[in-house]
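J.: Here it is, the structure, as structure tokens.
The values are calculated or read from the model by the stated rules, or taken from the named source; none is laboratory data. Quick caveat: nothing in here was measured; it's all calculated off a predicted structure. We place every Cβ from the backbone using ideal geometry, glycine too, and count neighbours over all the protein chains shown. The protein model used for the area step is the full one, side chains on, heavy atoms only, and it has no ligands, DNA or RNA in it. Shrake-Rupley method; radii C 1.70, N 1.55, O 1.52, S 1.80 Å.
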Amino acid sequence: MQLADRVQRIQLSPTAAVMAEAERMAADGVDVINFGVGEPDFPTPEHIKQAAIEALAANRTRYTSTAGIYPLREAVCHWHAREFGTRYQPSECVITVGGKQALFNALSALVNPGDEVLLPAPYWVSYPDMLRHVGAELHVLPTVAEHGFRLQAKQVEAAIGPKTRGLIVNSPNNPTGAVVAERDFGELLVVCRRHGLWLLTDECYSHFLYDGQQPFSVASLPEARDHVIVAGSLSKTFAMTGWRIGFALGPRPVIDAMVRLQSQSTSNATSIAQYAALRALTGPMDSVRAMQTEYDGRRRLILAALAQIPGLSCTPPQGAFYVFPDVRQTPRMISRPTSTAELAVELLREERVAVVAGEAFGAPGHLRISYATSTDRIREGVRRLSRFLAAC
Ligand code: PLP
């Protein structure tokens with residue numbers, strides 16, 4: 001069977017592959033420490049689940065409008081205005097099947113084959129494949145740990161060529177936890193405006209910030225509106241990964257194109273999940289703050305534990321729930337040089353610890369460790385990792 005080029009250009013998400021292998025081992029009764037998962041280990045808050053139960057009881061089980069139920073689009077705009085100071089109308093909002101569909105459809109609406117898109121690395125695993133799917137040429141902009149994985153406007157400006165159409169920014173970043181400072185975001189926007197580029201901002205982890213930082217959206221800056229497309233998600237913020245609710249905010253023509261695309265593919269996001277999302281966005285944010293506090297405790301714990309591992313260096317994340325240590329100078333890597341992709345396989349086999357190798361994020365030499373797991377599991381996992389990396 002000859003498959004289409006567009007699917008041959010993409011691969012199964014590497015994080016999904018790790019999860020599948022760790023789950024298979026766990027199903028066989030193996031005690032796996034799963035640092036691979038990119039999702040909250042908290043249940044969805046009760047009041048949100050209750051809204052879904054009520055929606056079911058009220059038979060809200062039919063198709064909705066493709067863009068999503070109007071009250072939810074309104075709620076997204078109000079919530080985004082309250083949390084970030086933006087001013088969007090429901091007509092500039094589409095409800096999607098997770099943030100992933102918002103990104104996928106935004107790129108499908110914006111990119112022509114051969115267009116170049118700027119992508120800072122380390123990047124979330126799905127961007128390169130989404131870009132390949134739409135036929136974009138990737139222009140990767142490396143950022144480094146020594147400078148806090150900071151993306152600078154002058155680096156972006158120097159990379160712009162005649163085919164460059166846009167820039168993707170993810171802050172807080174998966175996998176590094178780096179947060180783009182307001183001033184840097186402003187400068188990035190200036191460059192995008194000067195060169196007529198769109199700026200796709202992925203706000204998936206917007207509310208998981210540490211050391212007193214406040215949520216920020218580049219869309220709140222004056223003159224952002226014509227250039228910025230926001231991809232948002234309820235998955236992490238409200239511990240709703242399985243519900244599959246995300247959204248996009250942006251200029252009307254882009255949102256309309258995304259709705260058109262959605263009308264010929266998935267139609268609407270699940271009706272019941274939309275009512276649950278409505279309750280999430282209009283209800284209290286206490287559970288979000290409680291999760292943020294808990295993640296912060298775990299972040300401190302894992303950073304302290306990793307600091308004890310000889311040769312390992314780790315830039316403290318400022319957001320999200322991952323650490324991304326560099327393991328190249330550990331005794332194991334020095335005595336038995338190998339790729340981190342291979343190292344991650346050995347770690348799972350030898351110590352039953354699942355992590356995602358840096359190669360998946362465009363940053364070999366690193367491992368991504370998710371600390372969205374209990375403190376006991378963090379302690380045990382780092383103990384195993386330490387033993388593994390110390391072995392010569
Ligand atoms: N963006 C980033 C950076 C992510 O890490 C993820 C999920 O891991 C997503 C977007 C998509 O999340 P969802 O489709 O569950 O909203």
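J.: Could you tell me whether the stretch 81-97 includes any residue that is assigned by TED's automatic domain parsing to the domain that holds residue 218, within 12 Å of the ligand (Cβ to nearest atom), open to solvent by 10 Å² or more (accessible area, probe 1.4 Å) and in contact with a Ser or Thr (Cβ under 7 Å, 6 or more places away or on another chain)? Reasoning before the result, please.
T.: Keep residues of the stretch 81-97 that are assigned by TED's automatic domain parsing to the domain that holds residue 218, which gives 81-97.
Adding the requirement that they be within 12 Å of the ligand (Cβ to nearest atom) leaves 95-97.
Remaining after also requiring open to solvent by 10 Å² or more (accessible area, probe 1.4 Å): 97.
With in contact with a Ser or Thr (Cβ under 7 Å, 6 or more places away or on another chain) added as a condition, the list becomes 97.
The answer is yes; a qualifying residue exists.
J.: Only residues in the stretch 55-72 that are in the same structural domain as residue 274 (by TED's automatic domain parsing) count as the first member; pair them with residues that are open to solvent by 80 Å² or more (accessible area, probe 1.4 Å), Cβ under 7 angstrom, at least 6 apart or cross-chain, and list the lot.
T.: Within 7 Å, no pair qualifies.
J.: Kindly indicate the residue of the stretch 119-140 that is in contact with a helix residue (DSSP H, G or I) (Cβ under 6 Å, 6 or more places away or on another chain) and open to solvent by less than 20 Å² (accessible area, probe 1.4 Å) and also nearest to the ligand (Cβ to nearest atom) among those meeting that condition.
T.: 125
J.: Of all residues in the stretch 31-57, count the ones that are open to solvent by less than 50 Å² (accessible area, probe 1.4 Å) and more than 16 Å from the ligand (Cβ to nearest atom). Please lay out each step first, then the result.
T.: Step one: list which residues in the stretch 31-57 are open to solvent by less than 50 Å² (accessible area, probe 1.4 Å), which gives 32-38, 40, 44-45, 48, 51-52, 55.
Those left that are additionally more than 16 Å from the ligand (Cβ to nearest atom): 32-33, 45, 51-52, 55.
Residues in the stretch 31-57 being open to solvent by less than 50 Å² (accessible area, probe 1.4 Å) and more than 16 Å from the ligand (Cβ to nearest atom): 6 in total.
J.: Taking the criterion of being over 16 Å from residue 184 (Cβ atoms), surrounded by 16 or more Cβ atoms within 10 Å (Cβ to Cβ) and modelled with pLDDT of 95 or more, would at least one residue in the stretch 143-160 satisfy it? Steps first, please.
T.: Taking the stretch 143-160 as the starting set, the residues that turn out to be over 16 Å from residue 184 (Cβ atoms) are 145-146, 160.
Checking which are surrounded by 16 or more Cβ atoms within 10 Å (Cβ to Cβ) leaves us with 145, 160.
From what is left, the residues that are modelled with pLDDT of 95 or more are 160.
Taking every residue of the stretch 143-160 in turn, at least one turns out to be over 16 Å from residue 184 (Cβ atoms), surrounded by 16 or more Cβ atoms within 10 Å (Cβ to Cβ) and modelled with pLDDT of 95 or more.
The rows are residues; the columns are (1) open to solvent by 10 Å² or more (accessible area, probe 1.4 Å); (2) modelled with pLDDT of 95 or more; (3) of a type in the set (A, V, I, L, M, F, W, C).
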site	(1), (2), (3)
169	no, yes, yes
180	yes, yes, yes
190	yes, yes, yes
194	yes, yes, no
200	no, yes, yes
234	no, yes, yes
237	no, yes, no
245	no, yes, yes
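J.: Give, as residue ranges, the helices (runs of 4 or more DSSP H) completely inside the stretch 275-392 that count at least 3 residues that are open to solvent by less than 10 Å² (accessible area, probe 1.4 Å) and over 24 Å from residue 148 (Cβ atoms).
T.: On the way: elements: 286-306, 331-335, 340-351, 375-390.
Helices (runs of 4 or more DSSP H) meeting the threshold: 375-390.
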